[in-house]
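The values are calculated or read from the model by the stated rules, or taken from the named source; none is laboratory data. Everything numeric in this text was worked out from a predicted model, so none of it was measured. For neighbour counting, all protein chains shown are included, and Cβ atoms are generated from backbone atoms with ideal geometry for every residue, glycine included.
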2 protein chains.
Amino acid sequence: MQQRPELSIGDPAERIETPALILDLDVFEANLHAMAEFARMRGMRLRPHAKTHKCAEIAKRQMAVGAVGICCQKVGEAAALVEGGVGDVLVTNEVLAPERLARLVRLTDRANIGICLDSDLGLDRLNAAAQNAQRRIDTYVELEVGANRCGLVEISDAVALAEKIHGTAALRFAGLQAYQGAAQHLRMRAERKAAIDHAAARAAAFVAALNARGISVPVVTGAGTGTFPLEASSGVYNEIQPGSYVFMDRDYGDNQADPESPAFRHSLFVLASVMSRREDFAVIDAGLKAHSVDSGYPAISGRPDLVFDTPSDEHGIIRGPRQALPALEQRLRLVPGHCDPTVNLYDWIIAIRADKVAAIWPVDARGALN
Amino acid sequence: MQQRPELSIGDPAERIETPALILDLDVFEANLHAMAEFARMRGMRLRPHAKTHKCAEIAKRQMAVGAVGICCQKVGEAAALVEGGVGDVLVTNEVLAPERLARLVRLTDRANIGICLDSDLGLDRLNAAAQNAQRRIDTYVELEVGANRCGLVEISDAVALAEKIHGTAALRFAGLQAYQGAAQHLRMRAERKAAIDHAAARAAAFVAALNARGISVPVVTGAGTGTFPLEASSGVYNEIQPGSYVFMDRDYGDNQADPESPAFRHSLFVLASVMSRREDFAVIDAGLKAHSVDSGYPAISGRPDLVFDTPSDEHGIIRGPRQALPALEQRLRLVPGHCDPTVNLYDWIIAIRADKVAAIWPVDARGALN
């Protein structure tokens, strides 16, 4: 792990060495409160996804403004955040390895813990882990709702799995995981609407089939930053899991806005410096190890005249009109193409307010892949 | 930093939790020795690039078989490897920040240290740092040789900078950095040959111009895994900087082979497991946080019938003939598209021999961006 940056609270932002992951605290707080207010107004449980930030400090701030808990994608991620004081975590993923399930179940000593299932093998393994530890754990069935990833395809299979969970002593059937990840970056709101209509119809069919068997579905959970107003309007979902809204990366910014969504703004940046200059381009010190390019290149905050191009491991090229190119040592704020894997490159987030260092938070679950 | 994996030397490889970064130690050692032998036979200094592995253990093994030192891309990377016992590091990059140069100069207490320049500002800053610390530091001029990144374009400017370095008391003019990064993945050997012919001609012109001024150029350094036989045959370069050869990622594997190069094989893998199954695809537990996709998707080792597709943060989709798709919990070895940023996601490399854990090495410089 990289050492904590040698900065004091109140230091001018220009003292931050680049590249660095910085957070505009005012914008972050506005995003934080806007989502909390949305959930409150719409009567939705809010369970933000912490795979975005992997940071206990941010998770606790999300819960302080009303989130019922957070989501994680990995058991190790959940463990790091529980260690950091987070009291309610849903692992929105399937886990099969017995030793890993044993670790997950042990977390119930300190937090409410939930997990998803989409197979009988997963059920058997989770049930054994819970029985061994004499713990009861919240268990969600994951349904395929259009993302083409995990989740059961046949609603009858999902219903059967829920009935089995319901029939065990060690597992508590807590609800339905119905996340449509593939809908999040459909650019047009109408495309996203069609995708979530389909997801909601499948979720509703599952709920109806279980209700007909006398089993209630306490929580129907899903949604991301690209679609949550649609799930909130569906009449089926009662919990939303957006993650990226706290940071708003370039890829989400490229979506056609949903009029029902608060206007989240970019709060997270990779701060970079010009390290070499040519007549027709500038070279900055932020390349493939400073931000993830899986969802396209970063935008340059406040500089629509400049474009990022041709990254290598530790360099990026900045192009634009010659007279507008930044000089040696000039700093730029890159808006990451995809915030989640970008944050996962850093051990520290440096929060800024009024051009001063306001806080330095560890990325507690960085690299937690297991 | 993630905890050291709970494994003992000699444990069966199936005990490794996935995803994990694993190293086939036999293949790694064959790659290590093949490059050392190439350099020895051709009378070239070998200075492997450690941005690939960021691991002091690997750097020391490279030096034990004949490398004169290693390259790093960042001061923090150099610091971590010197801390790990590496005694000779060239930072193949430009650094302007005075506090960072001060840190670099301090490393000369424990190691031979070199660095590159491509500006008068860089020269002034480095000279001041060396004078302040009363240290002498090896200084290389970087020349643009076709990569269109850092380095001076005009040979006359590069010569003038070398003369200035030569005229300072605190800086030792050590040579020329002439790395053609853009040539490394030109697929056809003839394309790479044309690119390196151009680079070598520029390097030769620089050397001739300096020699005419009575200044010798001790080292002409450059080359990567895609082109080093060409630099070695150029008559100009006397040092090569390949990095990826120890691991051989998918992108390098896709190059048309150079008959003069040893046949390096893939030694580095992301070990992944199937966590969810559909009729027509399998979902594995290795996504964008387990390997970098900047240079394309990973190949599946030993399974040319399977393809990797549609990664999300923590998932990847495996497609192939239905009857050949791996079952739940089956393990696959992914050959990363690009090894350098993939290694940078992990805190540990698990070395395997004969299906047993043979060593666990820290990625000492993971996340060293400054």
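Here is how the numbers come out for the structure above:
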item	result
Residue that is farthest from A:Trp361 (Cα to Cα), among those in the range A:20-49 that are in contact (Cβ under 8 Å) with a residue 60 or more places away in the chain, under 16 Å from the mean Cα position of the chain (by Cα) and assigned to a helix (DSSP H, G or I)	A:Met35
Check on B:Val363, facing chain A (nearest Cβ under 10 Å), buried (at least 17 other Cβ atoms within 10 Å of the Cβ) and either under 30 Å from B:Ser233 (Cβ atoms) or not small (Gly, Ala, Ser) (or both)	yes
Number of the condition not met by A:Arg333 [criteria: (1) over 17 Å from B:Ala147 (Cα atoms); (2) facing another protein chain (nearest Cβ under 10 Å); (3) of a type in the set (Lys, Arg)]	(2)
Check on B:Arg125, within 14 Å of chain A (Cβ to nearest Cβ), touching a Pro at 6+ places or on another chain (Cβ under 8 Å), surrounded by fewer than 22 Cβ atoms within 10 Å (Cβ to Cβ) and part of a helix (DSSP H, G or I)	yes
The range A:57-96: number of residues that are of a type in the set (Val, Ile, Thr), within 23 Å of B:Ser276 (Cα to Cα) and not in a strand (DSSP E or B)	3
Qualifying helices (runs of 4 or more DSSP H) (wholly inside the range A:170-288; at least 1 residues being more than 14 Å from every other protein chain (Cβ to nearest Cβ) and closer than 27 Å to A:Asn112 by Cα)	A:189-212, A:228-232
Number of the exception - B:His166 against (1) away from chain A (no Cβ under 14 Å); (2) part of a helix (DSSP H, G or I); (3) without any contact (Cβ under 8 Å) to a residue 40 or more places away in the chain	(3)
Subset of the range A:304-322 that is more than 27 Å from the chain's Cα centre (by Cα) and among the charged types (D, E, K, R) - its residue that is nearest to the other protein chains (Cβ to nearest Cβ)	A:Arg319
Residue match in the range B:179-202 (condition: over 22 Å from B:Ser295 (Cβ atoms) and crowded, with 24+ Cβ neighbours inside 10 Å)	no
From A:Glu83, A:Glu99, residue being more than 18 Å from the chain's Cα centre (by Cα) and closer than 30 Å to A:Ile22 by Cβ	A:Glu83
Check on A:Val293, part of a loop (DSSP other than H, G, I, E, B), surrounded by fewer than 24 Cβ atoms within 10 Å (Cβ to Cβ) and either of a type outside the set (Gly, Ala, Ser) or within 14 Å of chain B (Cβ to nearest Cβ) (or both)	yes
Conditions (1) farther than 17 Å from A:Met44 by Cα; (2) assigned by TED's automatic domain parsing to the domain that holds A:Leu176; (3) buried (at least 24 other Cβ atoms within 10 Å of the Cβ); (4) out of contact with any helix residue (DSSP H, G or I) (no Cβ under 6 Å at 6 or more places or on another chain): number failed by A:Thr221	(1)
Subset tally (residues that are among the hydrophobic types (A, V, I, L, M, F, W, C) and either within 14 Å of B:Ala290 (Cβ to Cβ) or touching a Cys at 6+ places or on another chain (Cβ under 7 Å) (or both)) for the range B:301-339	7
Top-ranked residue in the range B:6-19 [being aliphatic (A, V, I, L, M) and part of a loop (DSSP other than H, G, I, E, B); ranked as nearest to the other protein chains (Cβ to nearest Cβ)]	B:Ile16
